[in-house]
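Bear in mind that the values in this text are calculations on the coordinates, not laboratory data. It should be emphasised that the depicted structure is a prediction, and the values quoted were computed from it without experimental measurement. Positions of Cβ are generated from backbone atoms using ideal geometry, with glycine treated the same way; all protein chains shown enter the neighbour counts.
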Amino acid sequence: MQRLAKRNSDAAYVVVNRNKSKPFRRGGHGAGIRGTLTIMTTSKESILARVYGARNNEDLAEGYDGWAGDYDGDMEQRGYRLPGIVTALTARHVAIGDGPLLDAGAGSGLLGIWLQLLGYSDITGIDLSQGMLDLAAGTGAYTALHRMALGEPLDFRDGAFAAVVSAGTFGRTHAPAAGFDELVRVARPGGHLILSVRAKGMEEAGFPDALERLEQAGAWRRIGTTGPFQAMRNEPESLYVVHVCRKSG
């Protein structure tokens, strides 16, 4: 799969194609990757349109790979609040030292940084985008990082994690409600799942139904919901809720 890396401050991006033989070496984060250069004028708007209008996992992964170079700066500029809110809820419900945490949809590692600052030291992250995982690796907040897709089987044993946390990952065009089932499976009995869901389109995407289905099945119990609130400081459309659930057992 091709990755998009930011070339300079204008709208041009570099395609790093690892399947070609002509060598290229880039410096900075990820220095040492070899490939060939092809310049294309892909605007930031088209990358964001691919992220927020993704029709499948491939679109979503490639969109986030293309955004990776600018993601943290963009989120800071937009006043991104979700990692802080999810961290506060984690601190309320999960004691430091309880055991390993799973950051489901770790992205560039923003949530991991907050959790590490509070003293959580055993965090595994998963994400669909390799470009984002490369950034998360650079934070030093994670003990392990894996490329996995929510909504598909996760390569972890049952009950592997003391808690599962997720910020900004679930939504109509992002991780599906079907991803809840595997997160319940990999949480240990009595463990907490602290999961944000984008409010826009969440009913049609089946999130309330999935929450209720798992509760009726005795898989978990919802113990609190925060929101809806603006995840971005000046973006009224950026409404999210965060559900706190406790796995049965």
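If we sort 223-231, 151-159 on the protection proxy, mean other Cβ atoms within 10 Å, highest first, what's the order?
Order by mean packing, descending: 223-231, 151-159.
Just report the Cα centroid separation between region 190-249 and region 85-117, whole Å.
So the two Cα centres are separated by 16 Å.
Sort 169-182, 207-220 by packing, meaning the average of other beta carbons within 10 Å per residue, with the highest value first. Walk me through the numbers on the way to the answer.
Working: 169-182: 20.9, 207-220: 15.4.
Taking the mean over residues of other Cβ atoms within 10 Å, the ranking is 169-182, 207-220.
Can you give me the distance in nm between label points at ARG92 and ASP158, each placed 7 Å from the Cα along the Cα-to-Cβ direction?
Between ARG92 and ASP158, the simple spin-label model gives 3.1 nm.
Search the structure for amide H atoms under 5 Å from the amide H of ALA178, placed 1.01 Å from N in the peptide plane, and list their residues when 5 or more places away or on another chain.
HN-HN under 5 Å from ALA178: empty list.
How charged is the neighbourhood of GLU203? Take every other residue with its Cβ under 13 Å from the Cβ of GLU203, and add Lys/Arg as +1 and Asp/Glu as -1.
0
Within 9 Å, Cβ to Cβ, of GLU215, how many net charges do the neighbouring residues add up to if Lys/Arg are +1 and Asp/Glu are -1?
+2
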